1. Looking only at segment 10-25, which residues are part of a helix (DSSP H, G or I) and either touching a strand residue (DSSP E or B) at 6+ places or on another chain (Cβ under 6 Å) or of a type in the set (A, V, I, L, M, F, W, C) (or both)?
2. Filter segment 26-48 down to the residues that are part of a helix (DSSP H, G or I) and polar (S, T, N, Q), then identify the one that is surrounded by the most Cβ atoms within 10 Å (Cβ to Cβ).
3. Anything in segment 16-38 that is in contact with a Leu (Cβ under 7 Å, 6 or more places away or on another chain) and at pLDDT 85 or above? List them, or say none.
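The values are calculated or read from the model by the stated rules, or taken from the named source; none is laboratory data. These numbers were taken from a predicted model, which means no experiment stands behind them. Counting neighbours? That spans all protein chains shown, and the Cβs are built from the backbone with ideal geometry, glycine included.
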Amino acid sequence: MTPTGFSLDGKIALVTGGVRGLGLEIAKALANAGAFVLINGRSQESLERWLFRNGIQCRSSCRSRNR
């Protein structure tokens with residue numbers, strides 16, 4: 001059991017707007033519960049800085065489409 005009281009081991013979660021604020025806190029809670037978390041947001045640099053500061057290794061990809 002995790003500190004959250006439930007387990008998301010083996011589950012995949014997608015958090016949109018997860019680069020900062022509430023979205024980032026939700027992403028952290030899901031990861032702490034054992035989920036593999038995919039984060040979507042507008043600022044790849046902000047997310048990568050946060051991950052680096054917290055010792056989290058990840059792969060990232062960014063694509064932009066102009067209308």
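1. Here is the first cut: in segment 10-25, the residues part of a helix (DSSP H, G or I) are 21-25.
Answer for segment 10-25, where residues must be part of a helix (DSSP H, G or I) and either touching a strand residue (DSSP E or B) at 6+ places or on another chain (Cβ under 6 Å) or of a type in the set (A, V, I, L, M, F, W, C) (or both): LEU22, GLY23, LEU24.
2. Narrowing segment 26-48 to residues part of a helix (DSSP H, G or I): 26-32, 44-48.
Cutting the leftovers down to polar (S, T, N, Q) gives us 32, 44, 46.
Details: ASN32: 13, GLN44: 15, SER46: 13.
Step by step, filter segment 26-48, then rank; the result is GLN44.
3. In the first step, residues of segment 16-38 are kept if they are in contact with a Leu (Cβ under 7 Å, 6 or more places away or on another chain); the result is 18-19, 30, 33-35, 37-38.
Correct list: LEU30, ALA33, GLY34, ALA35, VAL37, LEU38.
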